[in-house]
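Undergrad: If you scroll down you'll find the structure; I have some questions about it.
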Amino acid sequence: MIEARTSQGSDAVIHQEVDGIPYYSFEVLARHDEIINAVFTRLGGVSRPPFAELNVGHLVGDELAAVETNHRLIHQTLGLSSKEIATAHQVHGNGVVMVGPDDGGKAVPATDALITGTPGANLMLRFADCLPIFLYDPGRRAIGLAHAGWRGTAAKVVQRMVLMMVEGLGSDPTKIIAGLGPAIGPCCYKIGFDVAELLRASLRNSEKVLHRLEGNTFRLNLWEANRQQLVEAGIREIEISHVCTACHTDEFFSHRAERGRTGRFAAVMGIRKQK
């Protein structure tokens, strides 16, 4: 079996900023000029506390006018329009949907992963501790973006995304590049026994994912759980940011650290139109 090559930490992501709007890109994906990959922070928008500043969540209690302005700022930063971006109503599941040019400006219902092979199509999802997962197949110019918390991880959303890229877009898993973005880290993510048992059933090597504390409490490593699932699906090149959102609420929204009263940061991936 060929081992996956994994890079992590500060070397895995590049900090960028356009007109006061900061975002991060995966170094291995940034080598491919034909795609867009961006993880935005909570900085640079117009929302007021506790949603300050660049909140893109419409359903968290923020003023809708501020949320719409924040979306426009992200579009401007990436040189896109709202009609060029497809998103989803995320439900912490394993639903995967392929989108095309007619899906721009729409939100796919009950879905936590989007894929496309259409130039000019762009994908956006929202996060506040769950894991953003970026996939890119340079040979097929096919992309995928997923939202994975413990439920999506237990349901193997990332493996379903790989499978749909293979079956629907002709991708070769060994050629797909993966990026795992900022998320709540094992330092801050405590779960109970029942959740740990569900995750054990979806993993071959749960010892590296679940660290038992006193009693029936565990620390969960979302990065490692999804890395293992990607490797099992055939992915060989994986970058991991290892930035904990709960430790860095100065830069990211964290549902746990901020006790549910917070915003959502955006992750965007797209295929540029050929000139």
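Undergrad: What shape does the stretch 198-275 have by the C-alpha gyration tensor, where a ≥ b ≥ c are the square roots of the eigenvalues, rounded means a/c under 1.5, and otherwise prolate means a/b greater than b/c and oblate the rest?
TA: oblate
Undergrad: Explain nothing, just compute: Karplus ³J(HN,Hα) = 6.51 cos²θ - 1.76 cosθ + 1.60, θ = phi - 60°, for every residue of the stretch 207-220 in order, whole Hz, x for Gly and Pro.
TA: 4, 8, 9, 10, 10, 6, 9, 5, x, 9, 10, 9, 9, 10
Undergrad: When I14, I35 are ordered from fewest to most other Cβ atoms inside 10 Å of their Cβ, what list results?
TA: I14, I35
Undergrad: Name the helices (complete DSSP H segments) of the chain with a Cα length along the long axis of 20 Å or more and a Kyte-Doolittle mean of at least 0.0, or state none.
TA: In the chain, the long hydrophobic H runs are 64-78.
Undergrad: Where does the longest stretch of the chain lie that holds no GluC sites (Glu not before Pro) found in a DSSP loop with 14 or fewer other Cβ atoms within 10 Å?
TA: By the stated rule (loop sites, at most 14 other Cβ atoms within 10 Å), 64-213.
Undergrad: Where Rh denotes the Kirkwood radius from the mean inverse Cα pair distance, what is Rg over Rh for the stretch 157-219?
TA: Computed over Cα atoms, the ratio is 1.09.
Undergrad: Still on this structure, please answer the following. Just the number, please: percent antiparallel of the DSSP beta bridges in the chain, rounded to the nearest 5.
TA: Here the share of antiparallel DSSP bridges comes out near 70 percent.
Undergrad: Return P(r) of the chain (all Cα-Cα pairs; 5 Å bins starting at 0; whole %; ordered from short to long distances).
TA: Distribution as computed: 1, 6, 14, 18, 21, 18, 12, 7, 3, 1, 0, 0 percent.
Undergrad: Using amide H atoms built 1.01 Å from N in the peptide plane, name the residues 5+ places from V46, or on other chains, whose amide H lies under 5 Å from its own.
TA: Counting only residues 5 or more places away or on other chains, the set is N55, N70.
Each value in this text was obtained by applying a stated rule to the coordinates, not by laboratory testing. All figures in this text were calculated on a predicted structure; none of them were measured in a lab. Neighbour counts are summed over all protein chains in view; Cβ atoms, including those assigned to glycine, are modelled from backbone coordinates with ideal geometry.
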